[in-house]
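Here is the structure we will look at, set down as structure tokens.
Just so it is clear, none of the values below were taken in a lab; they were calculated from the coordinates. Computed from a prediction, not measured in an experiment: that's the story for all the values here. So basically every Cβ, Gly included, is an ideal-geometry build from the backbone, and we count neighbours across all protein chains shown.
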Amino acid sequence: MTRGELYRVYKPGGDLKQYRIFVVVSRQVLIDSKFSTVIGAPVFSNGEGLSTQVAVDLPEGMKHPSWIMCDNLVSLRKTDLTNYVGSLSSTKLLELNRALRMALDL
């Protein structure tokens, strides 16, 4: 598992959908550690193009245009991240970093 990968998570806690796609945003050292969770940002099909949202589409493994919501970070168990969808390009990772900085006011 690496930072910027997208996974389909079934029955995410508190979500009404059967599954939701999340992008892993934790730093790689945490991902590689024995810690049982990572931080993820959910992907929604609707977005408004806010500075805290990143557009993703077919090149990232999505079936249709969608948005990574960096204002909505959650802790995910690594064991739930088994259904790989795709990965962000280096350009999209830069956009993700900018959106996370905006969302966290860094």
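Annotations
- Net +/- balance of residues flanking MET102 in space, Cβ distance below 14 Å, scoring K and R +1, D and E -1: -2
- The chain: Cα Rg divided by the 2.2 N^0.38 Å rule of thumb: 0.98
- When the chain is described by a simple charge dipole with +1 on each Lys and Arg Cβ and -1 on each Asp and Glu Cβ, the residue from VAL25, SER75, GLY47 located farthest towards its positive end is SER75.
- Charge tally in the Cβ shell below 13 Å around LEU50, where Lys, Arg are +1 and Asp, Glu are -1, LEU50 excluded: -2
- Choice from LEU50, LEU81, LEU73 with maximal GNM fluctuation in the chain (Cα, 10 Å cutoff): LEU50
- About the Cα centre, charge dipole magnitude for the chain (Lys/Arg +1, Asp/Glu -1 at Cβ), debye: 320
- For the chain: relative contact order, % (alpha-carbon pairs under 8 angstrom, 6 or more apart): 29
- Modelled label reach - GLU48, point 7 Å along Cα→Cβ, the range 68-91 residues with backbone N closer than 13 Å: 71
- Think of the range 15-106 as a dipole: +1 on every Lys or Arg Cβ, -1 on every Asp or Glu Cβ, centred on the Cα centre; then among SER66, SER89, VAL56, SER89 lies furthest on the positive end.
- Per-residue [θ]222 nm for the chain (sum of -39500 (n - 2.57) over DSSP H runs n ≥ 4, rounded to 500): -5000 deg cm²/dmol
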